[in-house]
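Notes to accompany the following structure.
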Amino acid sequence: MTWELQAKYYKEWLEITLNWTAIKHYVDARNAIAHGLGELTRKQLGKNPSSIKTRLNNGGVAVSGNSVRLTKTNLHDAATACKELIRNVDILTQDHQSSR
């Protein structure tokens with residue numbers, strides 16, 4: 001399931017809207033690592049290779065050529081962003097349940 005579909009279903013099924021911005025570039029980095037063995041995939045590079053590289057760089061993830069370079073700080077920040085997203089889901093679903 002794509003991240004866009006997850007966001008859609010959170011909104012449709014749970015009536016909550018989340019801000020995925022903080023983890024989006026980590027998702028891109030994860031996909032390069034999982035599917036490209038650390039290299040941006042052909043799908044990620046698509047028709048505009050500079051777009052994914054800019055998004056990663058803007059998120060603090062270094063790209064050298066087509067290689068993704070993660071640091072300990074990136075891993076810490078990714079874990080923090082994921083925990084925050086999960087916390088937000090928890091808070092928003094509790095608020096949703098109490099408003100019914």
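Structure summary
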{"read-out": "Complete set of residues in the stretch 25-34 that are more than 18 Å from residue 6 (Cβ to Cβ) and in contact with a helix residue (DSSP H, G or I) (Cβ under 9 Å, 6 or more places away or on another chain)", "value": "32"}
{"read-out": "For residue 9: the one exception among (1) aromatic (Phe, Trp, Tyr); (2) surrounded by 13 or more Cβ atoms within 10 Å (Cβ to Cβ); (3) without any contact (Cβ under 8 Å) to a residue 60 or more places away in the chain", "value": "(2)"}
{"read-out": "So residue 19, is it polar (S, T, N, Q), loosely packed, with under 13 Cβ neighbours inside 10 Å and under 20 Å from residue 93 (Cα atoms)", "value": "yes"}
{"read-out": "Residue match in the stretch 23-30 (condition: in contact with a Cys (Cβ under 7 Å, 6 or more places away or on another chain) and either surrounded by 14 or more Cβ atoms within 10 Å (Cβ to Cβ) or aliphatic (A, V, I, L, M) (or both))", "value": "yes"}
{"read-out": "Only one of 63, 27 that is over 22 Å from residue 87 (Cα atoms) and either in a helix (DSSP H, G or I) or of a type outside the set (Phe, Trp, Tyr) (or both)", "value": "63"}
{"read-out": "Sole exception among (1) closer than 22 Å to residue 6 by Cβ; (2) modelled with pLDDT of 95 or more; (3) of a type in the set (Gly, Ala, Ser) for residue 22, by number", "value": "(2)"}
{"read-out": "Some residue of the stretch 49-56 being under 30 Å from residue 94 (Cα atoms), surrounded by 13 or more Cβ atoms within 10 Å (Cβ to Cβ) and of a type outside the set (D, E, K, R)", "value": "no"}
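Every residue, every condition in (1) at pLDDT below 95; (2) assigned to a helix (DSSP H, G or I); (3) over 21 Å from residue 33 (Cβ atoms); (4) among the β-branched types (Val, Ile, Thr), yes or no:
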{"position": "51", "(1), (2), (3), (4)": "yes, yes, no, no"}
{"position": "55", "(1), (2), (3), (4)": "yes, yes, no, no"}
{"position": "73", "(1), (2), (3), (4)": "no, yes, no, yes"}
{"position": "90", "(1), (2), (3), (4)": "yes, yes, yes, no"}
{"position": "94", "(1), (2), (3), (4)": "yes, yes, yes, no"}
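The values are calculated or read from the model by the stated rules, or taken from the named source; none is laboratory data. A quick note: this is a predicted structure, and the numbers were derived from the prediction, not measured. Glycine also receives a Cβ, built like all others from the backbone with ideal geometry; neighbour counts cover every protein chain displayed.
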